[in-house]
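Please treat every number below as a calculation from the coordinates, not as lab data. These numbers come from a predicted model, not from an experiment. Glycine gets a Cβ as well: all are built from the backbone with ideal geometry, and neighbour counts include every protein chain shown.
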Amino acid sequence: MTIQPGDRIPSVTIKQAAAGTGGVDVDPVALFAGKKVVMFSLPGAFTPTCSAKHLPGYLARHEELRSKGVDLIACLSVNDGFVMQAWADAAGVGDKIVMLADGAGAFSKALGIDREIPGMGLRAGRGLFTIEDNVVKSVELEAPGKFEVSSADACMLKMS
């Protein structure tokens with residue numbers, strides 16, 4: 001079952017991308033505690049829509065989201081920490097977005113957003129989650145092949 005507004009973020013150990021490592025262990029519950037969080041999920045690092053639109057949109061709107069009270073912007077993908085760090089470096093993420101590497105899909109499964117994508121295997125479905133102190137406030141999941149409700153622009157409309 002997909003996580004719903006009012007549900008709490010599940011406790012799962014995943015990796016947060018970090019330079020020079022395969023990522024550091026992190027529990028999203030600890031990471032999100034006491035914070036207003038925007039987390040977007042996507043099928044894969046370096047994939048066309050993810051690289052050309054999804055991640056760049058959140059980079060471009062970073063300051064606007066922060067001005068709306070967002071403490072943390074997180075990107076979740078079923079990739080390993082090395083790949084997420086390489087993607088962060090290639091995209092110039094810096095410290096603007098926390099890159100969450102869900103290598104085995106444990107967090108995506110706990111959220112109920114795991115998908116089997118032909119030719120790619122287990123992935124996170126594309127979506128947008130607003131979270132306050134580990135309580136989910138909104139969930140927007142894309143229909144297969146779509147990019148409409150989880151973009152940074154759509155997120156900004158929710159914050160207005």
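Adding -39500 (n - 2.57) for every DSSP H run of four residues or longer, then dividing by how many residues the chain holds, sets the calculated 222 nm ellipticity at -6500 deg cm²/dmol. With a Cα cut-off of under 20 Å and a minimum spacing of 8 residues unless on different chains, the lysine pairs in the chain number 21. For the chain, the relative contact order works out to 32 percent when only alpha carbon pairs closer than 8 Å and six or more residues apart are counted.
Here the label points at LYS109 and LYS53, each 7 Å from Cα along the C-beta direction, are separated by 3.0 nm in the simple model.
Remark: the ARG66-ASP133 segment gains 22.5 nm on full extension, using 0.36 nm per residue and subtracting the alpha carbon distance.
Fully extending the segment from VAL24 to ALA143, taken as 0.36 nm per residue of separation minus the present Cα-Cα distance, adds 39.7 nm.
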